[in-house]
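What follows draws every value from the coordinates through simple rules; no lab data is involved. Quantities reported herein were computed from a predicted structural model and do not represent experimental measurements. Every residue, glycine among them, receives a Cβ derived from its backbone with ideal geometry; neighbour counts consider all protein chains shown.
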């Protein structure tokens, strides 16, 4: 009996230890990513102790920026989490966040697009789902492309209707000598052209007058200054960039956020080897002039100013912050954009268009509707002219792009 009693006590003790271990394991948040676990522990000040589920469930905000995190499994336990910053990491999947019903704000950091990206990229889909769930998602789209070998591909379509032929070529507005030569079929198509249509004929207006017109449109009509609209940190950063370029603080304070973004981008571009003179628009405008081919603008300067200035104030400020964040990598991003453009990867351009903010997408859709209406009129004319059209590459992608809109109108559209 004593032996049985002793065995029972040992078994009971083992059961208690096992139950305790199971309870401990169940109460501990498991992180497969060591960097995530370490950073969360630092933020919650748990030291070397494991992070308990009960602790995680009460956390409402986490700043996990720049921590070399790749996997975020474990964050789904943070059921009260409302604000999450994952900037400057390279997250493989955002799926765990889909379980967080309280999440309202996410800085997803850099989202890389590569030549190997699938049409239905899971990361893109996950972030879109989060946005559909009401989460304010901030991202910085990045490109990562190898150097393209051979002539530039670009994005190129042929549209035909009752004897009319129209070629649509997607432009990159700035570039360098690597853009050329273009594919033979592009040059051959232009050699057949009776007319050239571009977004706006940049040779049609005086550059200084255009700058003055844009600056006048960029003035804040309200009494509120830029300094009052943005944080002190953001304003000081703007001031540092623009005063270094000779723009006085008094002038800076009078402008709306969209115009400051434009200034910062223009200044950053001048500090790179890329120029508008090497861009596709200027290339075909010069060719048309040399061959006495008439040039038509599909938009006016006023149209483009309205597109930039009509964004809601909160989106202007958000875009301004994104511009400031991108300045350190501006030249690299132009380099990657040039590589993407030369490769002619339609799917990556389509994904990039989907990452624009709500107003940006709506404005792009509206512009494409307007331009496609003008192009449809040309296709309905009774002559047999061949038209060559050059617009930004993003205008030629997605179900709301110009080729899709023309196809919806009944025209034959073929990707070349």
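With the convex hull constructed from alpha-carbon coordinates only, the stretch 132-178 shows a mean projected area of 7.4 nm² over all directions. Highest GNM mean-square fluctuation among 136, 34, 206, for the chain modelled with Cα contacts below 10 Å: 206. Under a no-solvent Debye model with one identical scatterer per Cα of the stretch 27-144, what's log10 I(q)/I(0) at q = 0.16 Å⁻¹? Calculated log10 I(q)/I(0) at the listed q: -0.72.
Computed over the alpha carbons of the stretch 373-416, Rg followed by Dmax gives 10.8, 30 Å. Between helix 2-26 and the chain there is an angle of about 20 degrees, using the helix long axis and the longest principal axis of the Cα atoms. Beta-bridge orientation, the chain: approximately 30 percent antiparallel, per DSSP, counting only bridges with both partners inside. Relative contact order of the stretch 156-415, please, whole-number percent, based on alpha carbon pairs below 8 angstrom and at least 6 residues apart. RCO, the stretch 156-415: 42 percent. In this entry, the stretch 140-240 is assigned a mean projected area of 12.0 nm², taken as a quarter of its C-alpha convex hull surface.
If you take every DSSP beta bridge fully contained in the stretch 27-144, what fraction is antiparallel? Give it as a percent rounded to 5.
Just about 5 percent of them are antiparallel.
Mind running the shape call on the stretch 303-382? Use the C-alpha gyration tensor, a ≥ b ≥ c as the square roots of the eigenvalues: rounded below 1.5 for a/c, prolate if a/b tops b/c, oblate otherwise. Here the stretch 303-382 falls in the oblate category. Please list log₁₀ I(q)/I(0) at q = 0.13, 0.20 Å⁻¹ for the stretch 193-321, using the Debye equation with identical point scatterers on the alpha-carbon positions. For the stretch 193-321 at q = 0.13, 0.20 Å⁻¹, log10 I(q)/I(0) is -0.65, -1.19. Hydrodynamic radius of the stretch 70-116 by the Kirkwood approach over all distinct alpha-carbon pairs: 11.4 Å. Ordered by the number of other Cβ atoms lying within 10 Å of each residue's own Cβ, fewest first, 319, 61 fall into the sequence 61, 319. Relative to the longest principal axis of the Cα atoms of the chain, helix 122-132 runs at roughly 90 degrees.
Stretched out straight at 0.36 nm per residue, the stretch from residue 204 to residue 95 would grow longer than its current Cα-Cα span by 34.2 nm. Counted by neighbouring Cβ atoms within 10 Å, the residues 389, 77, 123, 374 run from fewest to most as 374, 123, 77, 389. What is the log10 of I(q)/I(0) for the stretch 323-363, computed with the Debye formula using one identical point scatterer on each Cα and no solvent, at q = 0.16, 0.34 Å⁻¹? One equal scatterer on each Cα of the stretch 323-363 leads to -0.53, -0.98. Neighbour counting of Cβ atoms within 10 Å sorts the residues 98, 106, 143, fewest neighbours leading, into 98, 143, 106. As a ratio to 2.2 N^0.38 Å, the alpha-carbon radius of gyration for the stretch 268-322 is 1.60.
Taking the centroid of alpha carbons for each part, the stretch 294-318 and the stretch 143-222 are 17 Å apart. Using the Cβ-Cβ distance between residue 295 and residue 57 with R0 set to 51 Å, the FRET efficiency from 1/(1 + (r/R0)^6) comes to roughly 0.20. Entry note, the chain: the mean residue ellipticity at 222 nm calculated from DSSP H runs of n ≥ 4, each adding -39500 (n - 2.57), is -14500 deg cm²/dmol after division by the residues and rounding to the nearest 500. The long axis of helix 330-343 is offset from the longest Cα principal axis of the chain by roughly 70 degrees.
Here the relative contact order of the stretch 113-190, from alpha carbon pairs under 8 Å that lie six or more residues apart, stands at 25 percent. Using the alpha-carbon positions of the chain, Rg (one decimal) and Dmax (whole number) come out as 27.5, 113 Å.
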